[in-house]
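Participant: The structure is given below, and queries will be raised subsequently.
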Amino acid sequence: MTQPPHTLQNRTVQDSKQPDPTAPKKRQHPVIAIDGPAGAGKSTLAAHLARRFGFLNLETGAMYRALALKAIENDYAFDDEPPLMDLASRTRITLEPQLEGNRVLLDSVDVSRRIREPDVTSAASKISIHPHLRAWMVQQQRALGEAGGVVMEGRDIGTAVFPDAEVKIFLDAAPEVRGNRRYRQATPESTADNDRKASTRQMPDPLTAEQQHLAEEAVIRELKERDYRDRHRAESPLQPAADAVILDSTTMTLQEVLARAEEIVRSHLHVKPRDI
């Protein structure tokens with residue numbers, strides 16, 4: 001199920017005309033920029049706001065993930081920027097907006113699930129530190145969102161991609177909280193799922209409390225390492241835009257975060273949410 005007709009249906013990296021960032025703003029619809037560290041819940045918030053206000057949800061992080069996947073598949077080193085730039089120039093990434101995030105096509109192949117796996121996530125974080133590659137991605141992201149009517153989430157949307165965005169939200173939370181959320185998202189399975197899987201293969205023994213603690217600590221440690229890379233990279237480091245609204249969700253429930261974000265959008269755009 002796609003977004004309302006005033007938005008573009010699909011947006012493809014290699015097909016987009018590059019906008020002039022110095023040109024006067026001409027878009028008819030606003031841009032909502034959501035930035036923040038890994039595991040803060042940006043994707044969930046962006047998808048909600050896009051549905052609520054009838055905008056297109058463009059997940060820029062999926063673009064880095066897709067390119068990272070292609071680097072993995074072609075055995076490219078993550079620390080060598082020139083070959084990665086060459087690879088990017090020969091890559092076609094298409095975002096097909098759905099009500100729940102984006103369907104991601106890499107050279108016409110659906111990689112929506114594959115790019116969420118840990119090896120791709122890790123690789124995306126490593127390739128994203130390269131300044132020329134980030135500059136290339138910023139150009140693509142500007143082109144994808146230049147028509148407006150979009151919610152774009154990432155780490156430098158409000159500072160580098162759309163510094164003139166009508167709404168800027170910096171979603172943050174303590175790394176321990178983000179790590180706990182990410183760990184819980186990755187581990188639980190419903191009873192029905194367990195029953196179904198048990199019928200086809202032997203289920204692994206459940207983790208002990210100590211093993212669960214160590215696994216969660218590993219997730220938190222990985223998030224802190226990623227935070228450091230994101231905040232200290234040379235090109236577009238992770239930081240709130242000067243005019244962004246800081247939304248710290250450390251002590252907030254998901255519903256409280258969504259409600260507060262809606263208030264921020266309404267106060268900036270003077271619009272009412274749609275019934276969903």
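The values are calculated or read from the model by the stated rules, or taken from the named source; none is laboratory data. Quick caveat: nothing in here was measured; it's all calculated off a predicted structure. We place every Cβ from the backbone using ideal geometry, glycine too, and count neighbours over all the protein chains shown. The accessibility values were calculated without ligands, DNA or RNA, using every heavy atom of the protein model including side chains. Shrake-Rupley method; radii C 1.70, N 1.55, O 1.52, S 1.80 Å.
Participant: Is at least one residue of region 75-87 touching a Pro at 6+ places or on another chain (Cβ under 8 Å), among the hydroxyl-bearing types (S, T, Y) and surrounded by fewer than 21 Cβ atoms within 10 Å (Cβ to Cβ)?
Facilitator: Checking region 75-87: at least one residue is touching a Pro at 6+ places or on another chain (Cβ under 8 Å), among the hydroxyl-bearing types (S, T, Y) and surrounded by fewer than 21 Cβ atoms within 10 Å (Cβ to Cβ).
Participant: Restricting the first residue to region 234-249 and requiring it to be at positive phi, which pairs with a second residue that is polar (S, T, N, Q) meet a Cβ separation below 7 Å and a spacing of at least six or different chains?
Facilitator: From region 234-249, the pairs are S236/T159.
Participant: Pairs needed: first member in region 152-163, closer than 9 Å to A241 by Cβ; second member anywhere, of a type in the set (S, T, N, Q) and open to solvent by less than 10 Å² (accessible area, probe 1.4 Å); C-beta distance under 8 Å; at least 6 residues apart or different chains.
Facilitator: Listed pairs, sorted by first residue: I157/T60; I157/Q141.
Participant: Can I115 be described as in contact with a strand residue (DSSP E or B) (Cβ under 8 Å, 6 or more places away or on another chain), in contact (Cβ under 8 Å) with a residue 40 or more places away in the chain and closer than 30 Å to Q211 by Cα?
Facilitator: So I115 passes the test.
Participant: Quick one: count up the residues across region 88-102 that are surrounded by fewer than 17 Cβ atoms within 10 Å (Cβ to Cβ) and either modelled with pLDDT under 90 or hydrophobic (A, V, I, L, M, F, W, C) (or both).
Facilitator: The number of residues fulfilling the criteria is 4.
Participant: Can I ask one more? Among residues belonging to region 225-247 that are over 20 Å from G41 (Cβ atoms) and assigned to a loop (DSSP other than H, G, I, E, B), point out the one that is most open to solvent (accessible area, probe 1.4 Å).
Facilitator: A242
Participant: Taking the stated definitions as given, is A259 modelled with pLDDT of 95 or more, surrounded by fewer than 16 Cβ atoms within 10 Å (Cβ to Cβ) and either more than 17 Å from G154 (Cβ to Cβ) or out of contact with any Asp or Glu (no Cβ under 8 Å at 6 or more places or on another chain) (or both)?
Facilitator: Numbers: modelled with pLDDT of 95 or more: yes; surrounded by fewer than 16 Cβ atoms within 10 Å (Cβ to Cβ): yes; either more than 17 Å from G154 (Cβ to Cβ) or out of contact with any Asp or Glu (no Cβ under 8 Å at 6 or more places or on another chain) (or both): yes.
For A259, the condition - modelled with pLDDT of 95 or more, surrounded by fewer than 16 Cβ atoms within 10 Å (Cβ to Cβ) and either more than 17 Å from G154 (Cβ to Cβ) or out of contact with any Asp or Glu (no Cβ under 8 Å at 6 or more places or on another chain) (or both) - is met.
Participant: Please state which one of Q202, Q185 is modelled with pLDDT under 85, within 17 Å of the chain's Cα centre (by Cα) and open to solvent by 100 Å² or more (accessible area, probe 1.4 Å). Quick ask: steps written out before the conclusion?
Facilitator: Values: Q202 fails: within 17 Å of the chain's Cα centre (by Cα).
That would be Q185, the only listed residue that is modelled with pLDDT under 85, within 17 Å of the chain's Cα centre (by Cα) and open to solvent by 100 Å² or more (accessible area, probe 1.4 Å).
Participant: Follow-up. Does any residue of region 43-56 turn out to be touching a residue at least 12 places away in the same chain (Cβ under 8 Å) and among the hydroxyl-bearing types (S, T, Y)?
Facilitator: Within region 43-56, one or more residues are touching a residue at least 12 places away in the same chain (Cβ under 8 Å) and among the hydroxyl-bearing types (S, T, Y).
Participant: Would a scan of region 160-176 turn up a residue that is in contact with a strand residue (DSSP E or B) (Cβ under 8 Å, 6 or more places away or on another chain), assigned to a strand (DSSP E or B), open to solvent by 70 Å² or more (accessible area, probe 1.4 Å) and at pLDDT 90 or above?
Facilitator: no
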